[in-house]
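Worksheet for the structure shown next.
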Amino acid sequence: MPTGWSLDVTQRDVRVFNNFTDPEANDNQTPDANFPGRFGAEMAIWKASVEWGSELHGDGQGDPGQVGGLGSGGANFDATFQGSALAAGQVGDNTHSELTGCAGGVLAFTQSFVDGTGWRTFYYQCWIWVDGPEQNWTPKTGYYDLQGIATHEYGHSLGLGHSADPLATMFPTPPSNGRTWRSLNSDDVAGIQAIYGVKDPSKPVISGASVNGTTLTLGGSRFASVGNEIWFTQSGGGGNGTPVKSLMVESSVGGTLLDVQIPIDAGSGDVLVYTTLGDGEALSNAWPFDDQPVGCPAPLNYCDAIPNSAGTPSVMGSIGSQSIAANNTILYSSGSPANSFGIFFYSPTSGHLPVGDGLICLGGPFFRLSAVQADTTGRALLPLDLTMPPKPGGQITSGSVWHFQWWYRDVPGGPSGYNFSDALRLPFCD
Ligand SMILES: [Zn+2]
């Protein structure tokens, strides 16, 4: 049930003052690619806030017990995780921390300004707070699931009151240890959508991120052509919750690709794109950002694929590594009509040009690979032989970045009889 305010877009930050005294609150020290650089109570509270987000956070699998994945809000609302606070601070500092003592049966509470200018959450020390990645820990008297209770408290922060639905995360008292509160139910989703509106069709979406040296490349859709703000998590601790921002960033490829220099004071956490022409509907979902990625930069899908006669867009992917030495990269596309014939091709540059019944998302020069046929499920595969460039200039070397796409015949699909997949950006390494 909405309480009557909404958090201003400048108040979407979440920080943790990690003064939790129970060892159980910080015993999760397993790295998680969806929550880079954070552990224990910080990771648990980060997970709690992203469950309210508009899209799956990364691949959504940061908490394997979550049916449907983490990121269930579907509203014009996304939080920006801002890491460690050095103190609990004041109401409006948007922090979570532990508070000495007890107050009867109260587990935790959130203080909010009723004009949407911020909040602060406390967890009473007299309970045992468990950050548990454990999905099935046996409930014990006095032990509570920090992530589950934090999901409830963050619901209050963003303007929700209590629900009468006993299955809702916003029900006043937790079932057992609060573990099931990690997942929003339909009443919670209806609540956040009532306050912030159902996710707007114009809301920008990040669907992939790849770090290469000091450049971050984001793939997605509906980025502004100019004037984007890129919001990063501050490195280290402290700050005031305001994201580290890169301003006036241009996008390319029809608002689907965006390159930004990583600010020096940005750290592992989340990245968001704010197109500045509005409120929550102008702020993208939060995507994991790792400033110390191990191995080759991640593959990145970008550009739009136009649906074909099978009613689906064709989507690129890759299997294996991008290691030149391993030479085991396999290109694939899925979603094409069954048994369609096509050709994978590649280019050092990206582009955005309507051709045939689709779009060419590469900028040339173009190098074409062998013709292949999709299988009965519409999937086409091609192992890349990195030792055999199709012609001079197409040699794939360590440190180079290439863009791949699939052209395919689809006579019933449109006037031109051929179409294209989206595009895949692949950085190659030793
Ligand atoms: Zn409550």
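Values in this text are rule-based calculations from the coordinates and carry no lab data. It should be emphasised that the depicted structure is a prediction, and the values quoted were computed from it without experimental measurement. Cβ sites come from the backbone with ideal geometry, for glycine too, and all protein chains shown count toward neighbours.
Once amide H atoms are placed 1.01 Å from N in the peptide plane, what residues at a sequence separation of 5 or more from GLY267, or on another chain, have their amide H within under 5 Å of its amide H?
It is THR233, GLN234, SER235, by chain and number.
Quick check on the chain: helices-only [θ] at 222 nm, where DSSP H runs of length 4 and up contribute -39,500 (n - 2.57) each and the sum goes over total residues. Nearest 500, please.
Rounded to the nearest 500, the figure is -2500 deg cm²/dmol.
How many lysine pairs in the chain, separated by 8 or more positions in sequence or lying on different chains, have Cα atoms less than 25 Å apart?
Number of lysine pairs found: 6.
Please compute, for the alpha-carbon atoms of the chain, the extent along each of the three principal axes and give them in descending order in Å.
74, 44, 42
Test of understanding: ordering CYS361, CYS126, CYS102, CYS296 by Cβ neighbours within 10 Å, fewest first, what list do you get?
Going from least to most buried by this count: CYS102, CYS126, CYS296, CYS361.
Say each of GLN261 and GLN292 gets a label point 7 Å from the Cα, pointing the same way as Cα to Cβ; how far apart are those two points in nm?
Label at GLN261, label at GLN292, 2.4 nm between them.
Modelled label-to-label distance, THR180 and GLN29, 7 Å Cα→beta-carbon offset: nm?
Taking the two extended label points, one gets 3.4 nm.
Please give the contour-minus-distance gain from VAL226 to ASP8: 0.36 nm per residue of separation, less the Cα-Cα distance, rounded to one decimal in nm.
Net length gain for the segment: 76.1 nm.
Would you list ASP385, ASP430, ASP188 from fewest to most Cβ contacts within 10 Å? List each step's numbers first, then the result.
Working: ASP385 13, ASP430 10, ASP188 26.
In increasing order of surrounding Cβ atoms, one gets ASP430, ASP385, ASP188.
From the backbone phi of region 18-26, what are the Karplus-calculated ³J(HN,Hα) couplings (6.51 cos²θ - 1.76 cosθ + 1.60, θ = phi - 60°) in whole Hz, Gly and Pro given as x?
Ordered by residue, 3J(HN,Hα) equals 7, 9, 5, 8, 6, x, 5, 7, 9 Hz.
Among DSSP beta bridges whose residues both lie in region 40-135, state the antiparallel percentage, nearest 5.
The antiparallel fraction comes to roughly 55 percent.
Say a paramagnetic label sat at a point 7 Å from the Cα of LEU167, along Cα to Cβ; which residues of region 183-206 have their backbone N under 16 Å from it?
183-191, by backbone N distance to the label point.
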